[in-house]
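Accompanying notes for the structure given below.
The values are calculated or read from the model by the stated rules, or taken from the named source; none is laboratory data. What you see is a predicted model, and the numbers here were worked out from it, not measured in a lab. Using ideal geometry, Cβ is built from the backbone for each residue, glycine included, and neighbour counts are taken over all protein chains shown.
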Amino acid sequence: MIELDELHIWRKLSSPYRNSEVIPSLIQELSKSLNKKIADELIWEHIYHQGSVYENTLATVPHVLMIIEESDDIEFNIDVLASLGVVLIYLDNISELEQIFEEDHLNEKEKNRIQIAFMDSIEKFRNLVNKYSHNTEILNEDSKRFYLIAFLVSIKRHKEAEIFKTFNINDEYIFVCPTCEEETFLWNEENVLNAYSSDPTTNKNQEKLRIDVNTSNINLDWLEKPIDIMNINSLKPLIPYFKGDINCHSCNKKHNVFKGIMNSI
Ligand SMILES: [Zn+2]
């Protein structure tokens, strides 16, 4: 782990705005205050930017997880774990990590220290996310769906986590036919998932396409279980549709709804 007083290393770490040297003091402030605003600033302004992660992301995450581990502020802990879920979606294997390191920035020893501490912290992340999944009743529906992303990352369902990140508003999902790649628009209209051949915001007078619910033999236990544990009422009604089938409006082939949504990523 890169310690907070090793400023000469922090200074070298790549970041969105080339100012990683400010991170140690932010981490210190966060550990003292457990202030969500500081956590948000640290995560969304300094270590994650428009879907990209940096060397300073890898060095910062172990410190943030240590703070969560030592804190008994459940709301703070859950909120920050949910944010880290988005940051960590694709970050828990070594080959992904190696692509983050820029050339000539760091020596091998420094890189190794960052990698080892980061991989250890991923284990910590998994355990913490699992532990706090039983405390999510304090969250609103939107935050619960964010926490679901962290949960799916913790069980290595990365692409599935990406789906709930992409469609985090939960009002619209896109089905892309695995046979012909044509899109179908799935709209969540008061807990009913309606399918349309073109975007209903631009084409208001179109017929709904038929979705047969619960007809597919796809196993979504990995999704239903956390939704039940966290009591995510905004997703429960969609499960029968996710387990259903739709006939593509373009090629007429039948496909499972969730597989088509997965195919949109
Ligand atoms: Zn098709």
Requested in this report: Answer yes or no as to whether residue 193 is of a type outside the set (Val, Ile, Thr), crowded, with 16+ Cβ neighbours inside 10 Å, within 16 Å of the ligand (Cβ to nearest atom) and closer than 30 Å to residue 83 by Cα.
Outcome: no
**Report entry** Scan of the range 225-260 for residues that are out of contact with any Pro (no Cβ under 7 Å at 6 or more places or on another chain), of a type outside the set (D, E, K, R), within 14 Å of the ligand (Cβ to nearest atom) and not in a loop (DSSP other than H, G, I, E, B), ordered by number
**Finding:** 246, 247, 256, 257
**Report entry** Yes/no for residue 53 being farther than 27 Å from residue 231 by Cα and either touching a His at 6+ places or on another chain (Cβ under 8 Å) or touching a residue at least 40 places away in the same chain (Cβ under 8 Å) (or both)
**Finding:** yes
Report summary line: Here the qualifying pairs (Cβ atoms under 8 Å; residues six or more apart or on different chains; first in the range 17-33 and under 24 Å from residue 105 (Cα atoms); second at pLDDT 95 or above and among the β-branched types (Val, Ile, Thr)) come out as 23/47; 23/60; 26/38; 27/60; 27/64; 27/67
Report summary line: Looking across the range 176-193 at residues that are part of a strand (DSSP E or B) and of a type in the set (D, E, K, R), the single one that is modelled with the highest pLDDT is 183
**Report entry** Selection from the range 4-34 of residues that are outside any helix (DSSP H, G or I), surrounded by 13 or more Cβ atoms within 10 Å (Cβ to Cβ) and acidic (Asp, Glu)
**Finding:** 6
**Report entry** Residues that are charged (D, E, K, R) and crowded, with 23+ Cβ neighbours inside 10 Å, drawn from the range 50-97
**Finding:** 55
Query raised in the report: Which of (1) of a type outside the set (A, V, I, L, M); (2) assigned to a helix (DSSP H, G or I); (3) over 17 Å from residue 153 (Cα atoms); (4) in contact (Cβ under 8 Å) with a residue 60 or more places away in the chain is the odd one out, the single condition residue 105 does not satisfy?
Result: (2)
Query raised in the report: Is it fair to say residue 156 is away from the ligand (no atom under 16 Å from the Cβ) and assigned to a loop (DSSP other than H, G, I, E, B)?
Result: yes
Query raised in the report: Within the range 79-93, can one find any residue that is over 16 Å from residue 3 (Cβ atoms), among the hydrophobic types (A, V, I, L, M, F, W, C) and touching a strand residue (DSSP E or B) at 6+ places or on another chain (Cβ under 7 Å)?
Result: yes
**Report entry** Where residue 236 falls short, out of the listed (1) under 15 Å from residue 192 (Cα atoms); (2) touching a Ser or Thr at 6+ places or on another chain (Cβ under 8 Å)
**Finding:** (2)
Query raised in the report: From the list 175, 118, 146, 151, which residue is farther than 27 Å from residue 243 by Cβ and in contact (Cβ under 8 Å) with a residue 60 or more places away in the chain?
Result: 118
Report task. Answer with yes or no whether residue 207 is farther than 18 Å from residue 234 by Cα, away from the ligand (no atom under 15 Å from the Cβ) and loosely packed, with under 15 Cβ neighbours inside 10 Å. Result -> yes
Report task. Report yes if residue 188 is more than 16 Å from the ligand (Cβ to nearest atom) and surrounded by fewer than 18 Cβ atoms within 10 Å (Cβ to Cβ), otherwise no. Result -> no
